[in-house]
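Take a look at the structure set out below.
The values are calculated or read from the model by the stated rules, or taken from the named source; none is laboratory data. As the structure is a prediction and not an experimental result, all values here were calculated from the model. Cβ coordinates were reconstructed from backbone atoms using ideal geometry, including for glycine residues, and neighbour counts include every protein chain displayed. Accessible surface is based on the protein model in full, side chains and every heavy atom, while ligands, DNA and RNA are left aside. Shrake-Rupley method; radii C 1.70, N 1.55, O 1.52, S 1.80 Å.
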Amino acid sequence: IYEEHTMSAVPEMLRLKYFDRFREGDHWKYRIKTKVKKHALFHRINLMNQQYPFVHPLDLIFCRNVLIYFNRQTQAEVLKKFRRHLSPQGYLLLGHTEGLAGLHNGFCNIIPSVFTTTEG
């Protein structure tokens, strides 16, 4: 569920197609439509676990403003697991303050905070 002001950058066509608008108290909010949610996996995991509970490759991983709290070695280990679970054309979205510089991790930067998998 998203507050109306956070959706201002999303084009109206996309808001209508992918979100339901509803009123909660005095505020308008947006909820991802069921038809979209049924194609998504929303899951909280412990990033320190040796194995993640995903059977099929993921197309997109959101991990925003989390890696900054780990040391470089732990960041590298988590990124290695992400890489293993991401599909060949998958995307990893990190927070704007997070970077992968100096970490040999199998990702390449597309635009700030958006990464994709590299070959191999």
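Points worth noting:
- Close amide-amide hydrogen proximity is noted between Ile61 and Tyr91, Leu92, Leu93, each under 5 Å apart and 5 or more residues distant or on a separate chain (H modeled in the peptide plane; Pro and chain starts excluded).
- Solvent-accessible area, 1.4 Å probe, carbon plus sulfur percent, for the chain: 55
- Computed extension gain for Leu93 through Asn46, at 0.36 nm per residue and net of the alpha carbon distance, reaches 15.2 nm.
- Cα-based radius of gyration of the chain once divided by 2.2 N^0.38 Å, which approximates compact folds: 1.22
- Axis angle, to the nearest 10 degrees, between helix 72-85 and the longest C-alpha principal axis of the chain: 70 degrees.
- Assuming charge only on the beta carbon of Lys and Arg (+1) and of Asp and Glu (-1), the dipole of the chain about its Cα centre is about 380 debye to the nearest 20.
- The smallest convex shape that holds all Cα atoms of segment 1-43, its convex hull, gives 82 Å³ per residue.
- Note on the chain: with a GNM built from Cα contacts shorter than 10 Å, the maximum mean-square fluctuation among Phe70, Phe22, Phe62 falls on Phe22.
- Length-normalised contact order for the chain - Cα pairs under 8 Å, 6+ apart - percent: 19
- Computed E for Cys108/Asp20 - FRET, C-beta separation, R0 41 angstrom, nearest 0.05: 0.70
- Gain in span if fully extended, Asp59 to Ala76, counting 0.36 nm per residue against the direct Cα distance: 4.1 nm
- The residues of segment 33-120 expose, per residue, 70 Å² of accessible area to a 1.4 Å probe.
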